[in-house]
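The values are calculated or read from the model by the stated rules, or taken from the named source; none is laboratory data. The shown structure was predicted, so the numbers you read here are calculated from the model rather than taken from an experiment. Neighbour counts are summed over all protein chains in view; Cβ atoms, including those assigned to glycine, are modelled from backbone coordinates with ideal geometry. Areas reflect the complete protein model, heavy atoms only, side chains present, ligands, DNA and RNA absent. Shrake-Rupley method; radii C 1.70, N 1.55, O 1.52, S 1.80 Å.
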Amino acid sequence: MATYRMHIAGLDRDLPICKVTEDFYIGAFIMFGDAELTVACARELLKLAEGIDYDYLFTAEAKSIPLIHEMARQSGAEKYFIARKGPKVYMPDPISVQDRSITTLGVQQLFLGSDDAALIRGRRILIVDDVISTGGSLLAMEALVAKAGGTVAGRMAVLAEGGAAQRSDIRFLEKLPVFNADGSVK
């Protein structure tokens, strides 16, 4: 499998190049199981978050969970929120929004229990993700925060993929290119 070498938060990693469509490939950034990378990215994102006035961190299931946990641990935050991809029996009266991500086939939903929504109401929320690409998941998280009555204080990710690197409303550590079928950068 072809890979793309990146320098992220002071560390080098080889990202597998994965097919999304016949002529569109991405570098798969997976933090699961890489404690060293998770700790380093959390540290660097918290530096980027300086100056953002927020009450809580918020992400969507699943790849960003270790990241947001480590950010909370390093910053001393006692609570953070995770939008789930399905309703859970322990979620009282969940609220939901639709989500479309390039790494997930089809449309899915993000859910948040009304108990968490009550804590978000009237609060400033910093949305965190591992990769922002088309912005579909980001829009869904923003919509869920709004539905819960919170305000988005900022948006950040470890990587901004393709055109997302041109956005001025997100903070990120590195740019991740997209690829052609032959592995060359688009």
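Tabulated values for the structure
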{"read-out": "Kirkwood-type radius of the range 146-186, with distances r between different C-alpha atoms, in Å", "value": "12.0"}
{"read-out": "In degrees, nearest ten, helix 136-148 long axis to first principal axis of the chain (Cα)", "value": "10"}
{"read-out": "Cα gyration tensor shape of the range 87-160, rounded if a/c is under 1.5, else prolate or oblate by comparing a/b with b/c", "value": "oblate"}
{"read-out": "Mean separation of Cα contacts under 8 Å, 6 or more apart, over the residue count of the chain: relative contact order %", "value": "21"}
{"read-out": "Net charge of Cβ neighbours under 13 Å - reference Met91; Lys, Arg +1; Asp, Glu -1", "value": "-1"}
{"read-out": "Average accessible area per residue (Å²) across the range 1-134 - probe 1.4 Å, nucleic acids and ligands excluded", "value": "51"}
{"read-out": "Helix-derived mean residue ellipticity, 222 nm - over the chain, DSSP H n ≥ 4, -39500 (n - 2.57), to 500", "value": "-7500 deg cm²/dmol"}
{"read-out": "Distance from the range 147-186 to the range 14-39 (C-alpha centre basis), Å", "value": "14"}
{"read-out": "Within-15-Å neighbourhood charge of Gly183 [Cβ basis; K, R +1; D, E -1]", "value": "-1"}
{"read-out": "Nearby aspartates and glutamates by direct alpha-carbon distance to Lys147 (threshold 16 angstrom, same-chain neighbours under 8 apart not counted)", "value": "Asp93, Asp99, Asp115, Asp116"}
{"read-out": "Lys pairs under 24 Å by Cα in the range 1-142, provided they are eight or more residues apart or on distinct chains", "value": "8"}
{"read-out": "Acute angle (nearest 10 degrees) that the helix 65-75 long axis makes with the longest principal axis of the chain, alpha-carbon atoms", "value": "70"}
{"read-out": "Cα pair distances in the chain, grouped into 10 Å bins until the bin that holds the longest one, percent each", "value": "9, 37, 36, 15, 2"}
